[in-house]
1. Can you confirm whether segment 101-108 contains a residue that is exposed (fewer than 10 other Cβ atoms within 10 Å of the Cβ), assigned to a helix (DSSP H, G or I) and touching a helix residue (DSSP H, G or I) at 6+ places or on another chain (Cβ under 9 Å)?
2. Do you know which of the residues in segment 1-47 that are surrounded by 10 or more Cβ atoms within 10 Å (Cβ to Cβ) and part of a loop (DSSP other than H, G, I, E, B) is modelled with the highest pLDDT?
3. Tell me the residue from 89, 82 that is surrounded by 11 or more Cβ atoms within 10 Å (Cβ to Cβ), touching a helix residue (DSSP H, G or I) at 6+ places or on another chain (Cβ under 7 Å), within 30 Å of residue 132 (Cβ to Cβ) and at pLDDT 95 or above, please.
4. Taking segment 58-73 on its own, how many of its residues are closer than 14 Å to residue 124 by Cβ and either within 9 Å of the chain's Cα centre (by Cα) or surrounded by fewer than 15 Cβ atoms within 10 Å (Cβ to Cβ) (or both)?
5. Quick check on segment 48-57. Is at least one of its residues touching a residue at least 24 places away in the same chain (Cβ under 8 Å), in contact with a helix residue (DSSP H, G or I) (Cβ under 6 Å, 6 or more places away or on another chain) and either surrounded by fewer than 11 Cβ atoms within 10 Å (Cβ to Cβ) or part of a helix (DSSP H, G or I) (or both)?
6. Can you tell me which condition residue 76 does not meet? The list is (1) in contact with a helix residue (DSSP H, G or I) (Cβ under 8 Å, 6 or more places away or on another chain); (2) assigned to a helix (DSSP H, G or I), and all the others hold.
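The values are calculated or read from the model by the stated rules, or taken from the named source; none is laboratory data. These numbers were taken from a predicted model, which means no experiment stands behind them. Here Cβ is always computed from backbone atoms with ideal geometry, including for glycine, and neighbour counts include all displayed protein chains.
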């Protein structure tokens, strides 16, 4: 912008010049095309990463679910074994009372019962771990529910 007077309000002529400048680049040597290609490739990489993360999360949930199913079955089996071991010990005690078995047999049955009880506790622990892993993998925020069992 130019004028014949440096003051806008003062005396001087009424000659003013106003102009605009525009630059248009007709040839950029493929720079813009390269930037578009780069941005497209980055978007495709991001989309592939997102898809991979979705697949990985789904697999983690399935793995945790099947681990929980296995732990639940093991817990049920250990409960059945515990009942059978208690019955076997009771039978051994009855047989000992009438003199059909020795105290050694009764002690062996008691040891077996303790072993089965320990396995039941271990299977319950594994169930709690599998349950917490499933809750975590599925995004559940509250995974601290102690005392819950199959």
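1. Initially, segment 101-108 is screened for residues exposed (fewer than 10 other Cβ atoms within 10 Å of the Cβ), giving 103-104.
Those still in the list that are assigned to a helix (DSSP H, G or I) too: 103-104.
Now narrow it down to the ones that are touching a helix residue (DSSP H, G or I) at 6+ places or on another chain (Cβ under 9 Å): 103.
Yes, segment 101-108 has at least one match.
2. Per the stated criteria, the residue is 28.
3. Values: 89 fails: within 30 Å of residue 132 (Cβ to Cβ).
The unique qualifying residue is 82.
4. Step one: filter segment 58-73 for residues closer than 14 Å to residue 124 by Cβ, giving 68, 70-73.
Going one step further and asking which of them are either within 9 Å of the chain's Cα centre (by Cα) or surrounded by fewer than 15 Cβ atoms within 10 Å (Cβ to Cβ) (or both), we end up with 70, 73.
So the answer is 2.
5. Filtering segment 48-57 down to residues touching a residue at least 24 places away in the same chain (Cβ under 8 Å) leaves 57.
Still in the list and also in contact with a helix residue (DSSP H, G or I) (Cβ under 6 Å, 6 or more places away or on another chain): none.
Scanning segment 48-57, I find no residue that is touching a residue at least 24 places away in the same chain (Cβ under 8 Å), in contact with a helix residue (DSSP H, G or I) (Cβ under 6 Å, 6 or more places away or on another chain) and either surrounded by fewer than 11 Cβ atoms within 10 Å (Cβ to Cβ) or part of a helix (DSSP H, G or I) (or both), so the answer is no.
6. (1)
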